[in-house]
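Peer 1: Provided herewith is a single structure, encoded as structure tokens, for subsequent inquiry.
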Amino acid sequence: MGKDTVTITDNSTGKTVEFPIKRGAHGPAVMDISTLYKELKMFTYDPGFLSTASCESKITFIDGEKGVLLYRGYPIEQLAEKSDFLEVCYLLWHGELPTRKEIADYRHQINHHTMVHEGLRDFYQGFRRDAHPMSVMVGVVGALSAFYHDLLDVHNECSREISAQRLVAKMPTIAAWAYRYSRGEPFAYPRNNLSYTENFLHMMYSYPAEEYEVNPVAAKAMDLIFLLHADHEQNASTSTVRLAGSSQANPFACVSAGVGTLWGPAHGGANEAVINMLKAIGDVKNIARFVEKAKDPDDPFRLMGFGHRVYKNYDPRAKIIRKQCFEVLESMKVDDPLFEIAMKLEEIALKDEYFIQRKLYPNVDFYSGIIQRAIGIPTSMFTVIFTIGRTIGWISQWNEMITEKVQRIGRPRQLYVGAPNRDYLPIDQRK
Ligand code: SDX
């Protein structure tokens with residue numbers, strides 16, 4: 001038996017099989033069990049994929065025990081301090097930081113894909129004004145393939161790159177228009193003289209009646225939020241995009257599926273749920289009661305923004321956002337009582353045995369809403385903001401999947417526990 005193998009013995013038959021171990025650059029090794037069914041006529045069983053690696057990837061690495069997050073090998077703390085969102089988009093897609101010329105070309109490319117087909121503008125009229133903006137995002141992003149069907153050949157590198165640039169560039173326009181539509185306000189068009197994030201804020205808040213000056217503090221904070229949400233290895237929404245892409249569906253349809261998955265409060269919808277939770281707590285004196293509710297196994301309430309499948313330490317993104325909260329609130333002269341409640345809640349929870357024992361720490365969603373409130377983003381738009389940031393991660397992971405040497409549709413199996421094989425029962429014999 002080689003040292004780079006694992007041996008599995010089926011004791012019911014006495015059959016023993018060796019499987020190769022594959023080791024990566026960082027993180028746990030994997031046992032390649034792709035021949036398990038052929039050898040032992042058995043499947044693995046891992047609901048929620050707690051112990052399952054679904055793919056090989058070079059894009060993002062997370063060390064949950066140490067609270068480490070790397071984008072293409074670069075620590076998130078360094079990128080947050082020294083880079084910006086569009087440079088990180090280039091890095092995630094291409095795998096290397098751009099030269100001066102490369103990033104200038106990329107910024108130009110993205111800036112010149114921010115407009116959307118006017119037919120897509122009319123699409124909004126079909127939604128109710130009070131629709132949740134994420135329902136608009138699911139619909140409009142999915143509809144992109146009806147307007148940009150010229151370059152949907154997933155096996156053509158140039159088509160893939162332009163579709164990816166269209167998605168990154170148009171997401172802020174689609175998102176801002178969802179916000180404006182919900183308020184019955186005119187849509188603002190993108191401006192090529194503004195940066196990516198300035199453009200988003202311009203489309204969110206500028207009005208035809210007067211000049212609009214983007215607040216640089218708000219733009220910097222928004223750019224950091226996009227950057228911190230850009231990618232996160234094989235999370236639920238990224239796994240959805242990869243699975244959809246494995247059927248060779250077009251990239252717009254795949255990303256639309258990712259938008260739907262991100263909407264869930266257990267995933268990207270948590271940032272909105274955190275603010276609603278902090279509002280429900282209302283005062284630091286009520287924190288203890290909510291912490292008890294969160295610990296009660298019979299109560300479905302959980303502390304939103306707490307806990308993570310991978311991080312069993314402080315989410316490094318939460319640390320960066322928490323620090324940025326102080327700076328943004330100070331410079332925007334905003335005194336948000338919810339921030340005080342959030343910090344007190346964190347202090348109490350991190351000293352509580354229930355949370356310590358389960359290694360439950362604040363995650364990226366816990367503080368991101370505080371910053372977004374400070375720069376005027378409404379709570380219902382928080383997951384839409386997450387969508388804008390995560391689009392580059394989704395499409396870069398999709399591109400990695402679709403360019404793998406061995407292309408296979410993702411098709412998990414199951415443990416069947418339903419009714420055994422039985423004959424049809426005539427209706428007069430049914431009870
Ligand atoms: C994101 O995957 C990613 O990378 C996601 C993300 C990304 O960038 O893509 O990081 C973004 O989705 C962050 C997570 C946002 N969600 C929330 O904040 C919602 C609240 N958190 C929980 O729903 C939960 O922590 C999850 C969903 C995030 C993780 O769930 P797991 O890994 O399946 O953990 P679990 O449900 O098995 O919980 C383990 C134990 C359980 O208690 P016991 O059954 O052992 O007694 O911890 C408890 C849970 O009840 N628990 C919590 C809790 N989270 C877990 N108890 C109270 N409050 C919580 N928040």
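Peer 1: Give the ranking of 173, 240 by solvent-accessible surface, highest area first, calculated with a 1.4 Å probe.
Peer 2: On the way: 173 0, 240 40 Å².
So the residues, ranked largest to smallest area, are 240, 173.
Peer 1: On a 0 to 90° scale, report how tilted helix 337-350 is relative to the longest principal axis of the chain, with both axes built from alpha carbons and the result rounded to the nearest 10.
Peer 2: Here the helix axis deviates by roughly 30 degrees.
Peer 1: Here's another thing I want to ask about it. According to a simple spin-label model (label point 7 Å from Cα along Cα-to-Cβ), what is the distance in nm between residue 15 and residue 99?
Peer 2: Going by the 7 Å Cα→Cβ label model, 5.6 nm.
Peer 1: Please compute the per residue accessible area over the chain with all protein chains in place, 1.4 Å probe, rounded to a whole number of Å². Please list the in-between numbers first.
Peer 2: On the way: 22150 Å² over 431 residues.
Averaged over the residues of the chain, the accessible area is 51 Å².
Peer 1: Something else: With +1 on each Lys and Arg Cβ and -1 on each Asp and Glu Cβ, how big is the dipole of the chain about its Cα centre, in debye rounded to the nearest 20?
Peer 2: Numbers: 50 positive and 52 negative charges, 187 e Å.
Once rounded to the nearest 20, the dipole reads 900 debye.
Peer 1: May I ask for the percentage of alpha-carbon pairs in the range 83-242 that lie more than 25 Å from each other? Provide the component values of the computation, followed by the final result.
Peer 2: Details: 4255 of 12720 pairs.
Considering the range 83-242, 33 percent of its Cα-Cα pairs are separated by more than 25 Å.
Peer 1: Run the simple label-point estimate for residue 156 and residue 23 please: 7 Å along Cα→C-beta, distance reported in nm.
Peer 2: Output for this residue pair reads 4.4 nm.
Peer 1: So what's the gap between the Cα centers of the range 107-183 and the range 274-289, to the nearest angstrom?
Peer 2: Going from one Cα centre to the other spans 37 Å.
Peer 1: Give the calculated FRET efficiency between residue 298 and residue 50 to the nearest 0.05, with a Förster radius of 30 Å applied to their Cβ-Cβ distance. Numbers along the way, then the final one.
Peer 2: Values: r = 23 Å, r/R0 = 0.78.
With a Förster radius of 30 Å, E is 0.80.
Peer 1: With a/c under 1.5 counting as rounded, go ahead and sort the range 92-187 into rounded, prolate or oblate using the C-alpha gyration tensor (a ≥ b ≥ c being the square roots of the eigenvalues; past the cut-off, prolate if a/b is larger than b/c, else oblate).
Peer 2: Working: a/c = 2.57, a/b = 1.78, b/c = 1.44.
It comes out prolate by the Cα gyration axes.
Peer 1: What nm distance separates the two modelled labels at residue 423 and residue 248, each placed 7 Å from Cα along Cα→Cβ?
Peer 2: So the two model labels end up 4.4 nm from each other.
Peer 1: Something else about it: Could you estimate the translational diffusion coefficient of the chain from the Stokes-Einstein equation, with Rh from the Kirkwood formula over C-alpha pairs, at 25 °C and 0.890 mPa s, in whole µm²/s?
Peer 2: Details: Rh = 23.6 Å.
Rounded, D is 104 µm²/s.
Peer 1: Turning to a different aspect of this structure: Apply 1/(1 + (r/R0)^6) to the Cβ-Cβ distance of residue 330 and residue 276, taking R0 = 30 Å, and write down the FRET efficiency to the nearest 0.05.
Peer 2: Details: r = 25 Å, r/R0 = 0.84.
It comes out at approximately 0.75.
Peer 1: Residue separation times 0.36 nm, minus the C-alpha to C-alpha distance between residue 36 and residue 192: what's the value? Don't skip to the end; give the middle numbers.
Peer 2: Values: separation 156, 0.36 × 156 = 56.16 nm, distance 5.43 nm.
Roughly 50.7 nm would be gained on extension.
Peer 1: Same structure again: What ³J(HN,Hα) values, in whole Hz, does the Karplus curve 6.51 cos²θ - 1.76 cosθ + 1.60 give for the range 400-410 when θ = phi - 60°, with x put for Gly and Pro?
Peer 2: So the J values, rounded to whole Hz, are 5, 5, 6, 9, 5, 4, 9, 9, 9, 5, x.
Peer 1: Taking all protein chains in place and a 1.4 Å probe, what share, in percent, of the accessible surface of the chain do carbon and sulfur account for? Show your work: numbers first, answer last.
Peer 2: Values: 11910 of 22150 Å².
Roughly 54 percent of what the probe reaches on the chain is carbon or sulfur.
Peer 1: Classify the range 231-324: rounded, prolate or oblate, from the alpha-carbon gyration tensor (a ≥ b ≥ c, eigenvalue square roots; a/c under 1.5 rounded; otherwise prolate if a/b is larger than b/c)?
Peer 2: On the way: a/c = 2.49, a/b = 2.07, b/c = 1.20.
Verdict is prolate for the range 231-324.
Peer 1: What is the helix-to-structure angle for 216-228, meaning the angle in degrees between its Cα long axis and the longest Cα principal axis of the chain, kept from 0 to 90 and rounded to the nearest 10?
Peer 2: For helix 216-228, the angle is close to 10 degrees.
Peer 1: Further question: Please give the peptides 363-370, 70-77, 306-313, 24-31 ranked by average Cβ packing (other Cβ atoms within 10 Å per residue), highest first, as a rough proxy for protection. Don't skip to the answer; put the middle values down first.
Peer 2: Numbers: 363-370: 27.5, 70-77: 17.8, 306-313: 19.9, 24-31: 12.6.
With the highest mean Cβ count within 10 Å placed first, the list reads 363-370, 306-313, 70-77, 24-31.
Peer 1: Let me ask something else. In the structure shown, do any of 38/405; 66/285; 22/101; 101/405; 101/220; 15/66 have a Cα-Cα gap over 27 Å, and if so which? The partial results should precede the final answer.
Peer 2: Numbers: 38/405 22 Å; 66/285 33 Å; 22/101 38 Å; 101/405 31 Å; 101/220 23 Å; 15/66 39 Å.
66/285; 22/101; 101/405; 15/66, as the Cα separations exceed 27 Å there.
Peer 1: Could you tell me how many degrees, from 0 to 90 and to the nearest 10, lie between the Cα long axis of helix 157-182 and the main elongation axis, the longest principal axis, of the Cα atoms of the chain?
Peer 2: Roughly 60 degrees between the two axes.
The values are calculated or read from the model by the stated rules, or taken from the named source; none is laboratory data. The structure presented is a predicted model; accordingly, all values stated were derived computationally and were not measured. Here Cβ is always computed from backbone atoms with ideal geometry, including for glycine, and neighbour counts include all displayed protein chains. All accessible areas refer to the heavy atoms of the entire protein, side chains included, with ligands and DNA or RNA removed. Shrake-Rupley method; radii C 1.70, N 1.55, O 1.52, S 1.80 Å.
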